[in-house]
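Contents: one structure, followed by commentary.
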């Protein structure tokens with residue numbers, strides 16, 4: 001059972017690193033205005049997932065960490081990842097990575113927008129067909145980020161279940 005938990009922890013770490021990396025990449029592409037809160041939150045969930053997986057991995061060798069402490073950390077991490085994944089899914093709703101017109105004013109993908117003149121016109125950093133490849137890449141990154149947050153949530157739930165079941169058998 002400990003081997004299975006260790007494998008789940010490695011997968012949890014891998015997914016969390018991917019979430020953090022994709023979120024940082026999206027954040028670096030923000031040129032105008034402030035970073036969307038959802039992007040910052042996604043980076044936070046990736047970092048939290050890394051911490052949770054490392055603590056969980058340490059709990060395989062340190063009995064005092066195993067049990068309620070890891071359950072609490074994994075529970076909080078799973079909820080944070082689920083919230084991040086749902087937030088990204090909602091913000092990406094109605095966008096198609098193959099249609100640049102649906103991408104250019106999306107808050108996660110646009111690179112920031114600034115109001116011009118009398119607020120009747122909005123200029124976004126990645127607006128225009130000539131920047132389609134950048135928008136498409138950002139769209140694929142954001143979509144993958146959402147998917148890995150949801151997958152990270154599922155792995156956290158699996159770790160919780162395995163940890164709880166194995167804890168019951170030890171007593």
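Apart from one condition, residue 132 fits all of (1) closer than 29 Å to residue 12 by Cβ; (2) not in a loop (DSSP other than H, G, I, E, B); the exception is (1).
Here residue 76 does not fit the description of being farther than 13 Å from residue 155 by Cβ, over 17 Å from the mean Cα position of the chain (by Cα) and surrounded by fewer than 17 Cβ atoms within 10 Å (Cβ to Cβ). When residue 63 is tested against (1) in contact (Cβ under 8 Å) with a residue 12 or more places away in the chain; (2) farther than 19 Å from residue 78 by Cβ; (3) not in a helix (DSSP H, G or I), just one condition goes unmet, and that condition is (1). Determine, yes or no, whether residue 163 is in contact with a helix residue (DSSP H, G or I) (Cβ under 7 Å, 6 or more places away or on another chain), more than 15 Å from residue 15 (Cβ to Cβ) and either at pLDDT below 90 or in a helix (DSSP H, G or I) (or both). Taking the combined requirement at face value, the residue satisfies it.
Of all positions in segment 115-134, none carries a residue that is crowded, with 19+ Cβ neighbours inside 10 Å and under 21 Å from the mean Cα position of the chain (by Cα). A count restricted to segment 8-36 and to residues that are part of a helix (DSSP H, G or I) and either surrounded by 17 or more Cβ atoms within 10 Å (Cβ to Cβ) or in contact with a helix residue (DSSP H, G or I) (Cβ under 9 Å, 6 or more places away or on another chain) (or both) stands at 20.
Considering the conditions (1) within 13 Å of the chain's Cα centre (by Cα); (2) touching a residue at least 12 places away in the same chain (Cβ under 8 Å); (3) under 18 Å from residue 111 (Cβ atoms), residue 37 is excluded by exactly one of them, (2).
This table checks each residue for (1) out of contact with any strand residue (DSSP E or B) (no Cβ under 9 Å at 6 or more places or on another chain); (2) farther than 30 Å from residue 162 by Cα.
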| position | (1), (2) |
| --- | --- |
| 27 | yes, yes |
| 40 | yes, yes |
| 48 | yes, no |
| 52 | yes, no |
| 71 | yes, no |
| 80 | yes, no |
| 88 | yes, no |
| 111 | no, yes |
| 126 | yes, yes |
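The values are calculated or read from the model by the stated rules, or taken from the named source; none is laboratory data. All figures in this text were calculated on a predicted structure; none of them were measured in a lab. Cβ coordinates were reconstructed from backbone atoms using ideal geometry, including for glycine residues, and neighbour counts include every protein chain displayed.
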